[in-house]
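The values are calculated or read from the model by the stated rules, or taken from the named source; none is laboratory data. Because the structure is a prediction, the values reported are computed rather than measured. Ideal geometry is used to build each Cβ from the backbone, glycine not excepted, and the neighbour counts take in all protein chains shown.
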Amino acid sequence: MMVPTPDRPGVGVFIACSLDGFIARPDGAIDWLLAQHAAAPPGEDFGYARFMAGVDALVMGRKTFDSVLGFDPWPYAGKPVHVMTRQRHFAVPPARQAEARLRHEAPGALLAALAAEGVRRVYLDGGELIQAFLREDLVDELTVTTVPVLIGQGRRLWGPLPADQAWALEAVRHWDCGFVQTTHRRQRTDQPRTTSPA
Ligand SMILES: NC(=O)c1ccc[n+]([C@@H]2O[C@H](COP(=O)([O-])OP(=O)(O)OC[C@H]3O[C@@H](n4cnc5c(N)ncnc54)[C@H](OP(=O)(O)O)[C@@H]3O)[C@@H](O)[C@H]2O)c1
């Protein structure tokens, strides 16, 4: 589990992508993911509930927020949702104003503000947003569930980075339906990969 520091919450990603690295089609559709999920064992949540239980808030891109607005029931009950947008005219629909709050800070400033608000672990969601946080090296844990389909084009999970980043493998799980899930933890230079014997 991602570890908070005094300056910012721990940041974790829990996301599904196609074999070719897309989280949605170009128009945002995730029909291919829902079709794959339909082949999964009934009741299998691929560790989602456990991951959710470990976070106290969500930070999501405005486009992901748009796509979850219609979900009924609201999937994040009890967890504040912070929606990042650069638009000043965008507003949270009245039905979701109790659950979601717009944030206009840059990633680092938002995390500092959340730490000051007492948030210790956040679930970061949305491809563009994950890329933005990765560019600033602000992600601590990555759980990616790869589903066995190529969709050829779409919205990417991964993007350019200013420098390489080393990640330590924490766990690999796979299911008969063909899903493969990896969890990686960011390996920073001040965190040795293994503890040396004394
Ligand atoms: N496969 C999965 O598990 C999964 C998970 C989540 C989402 N999805 C799908 O992915 C799609 C959405 O992902 P996406 O990558 O297209 O977009 P996204 O990351 O959800 O949202 C992008 C938007 O977030 C805001 N944003 C991004 N970086 C920002 C920054 N540094 N500062 C402030 N605001 C920033 C901007 O909003 P403004 O344009 O308002 O300024 C930007 O347009 C949806 O179709 C959703 O269904 C799939």
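Total residues in segment 1-57 satisfying the condition of being under 13 Å from the mean Cα position of the chain (by Cα), in a strand (DSSP E or B) and aliphatic (A, V, I, L, M): the figure is 6.
In the set (1) in contact (Cβ under 8 Å) with a residue 12 or more places away in the chain; (2) within 14 Å of the ligand (Cβ to nearest atom), the condition left unmet by Glu141 is number (2).
Every test in (1) buried (at least 20 other Cβ atoms within 10 Å of the Cβ); (2) of a type in the set (A, V, I, L, M); (3) part of a loop (DSSP other than H, G, I, E, B) is passed by Val83 save one, and that test is (3). Out of Pro73, Pro26, one residue alone is out of contact with any Asp or Glu (no Cβ under 6 Å at 6 or more places or on another chain), modelled with pLDDT of 95 or more and either over 26 Å from Pro107 (Cα atoms) or surrounded by fewer than 17 Cβ atoms within 10 Å (Cβ to Cβ) (or both). It is Pro26. Do we have any residue at all in segment 100-119 that's over 24 Å from Pro4 (Cα atoms) and either among the polar types (S, T, N, Q) or surrounded by 15 or more Cβ atoms within 10 Å (Cβ to Cβ) (or both)? No, that holds for no residue. Please indicate, with yes or no, whether at least one residue in segment 134-150 is under 20 Å from Ile15 (Cβ atoms), touching a Lys or Arg at 6+ places or on another chain (Cβ under 9 Å) and surrounded by fewer than 16 Cβ atoms within 10 Å (Cβ to Cβ). Within segment 134-150, one or more residues are under 20 Å from Ile15 (Cβ atoms), touching a Lys or Arg at 6+ places or on another chain (Cβ under 9 Å) and surrounded by fewer than 16 Cβ atoms within 10 Å (Cβ to Cβ). Among the residues examined, Ala38 qualifies as free of Cβ contacts under 8 Å to residues at least 40 places away in the same chain and either touching a Leu at 6+ places or on another chain (Cβ under 9 Å) or not hydroxyl-bearing (Ser, Thr, Tyr) (or both).
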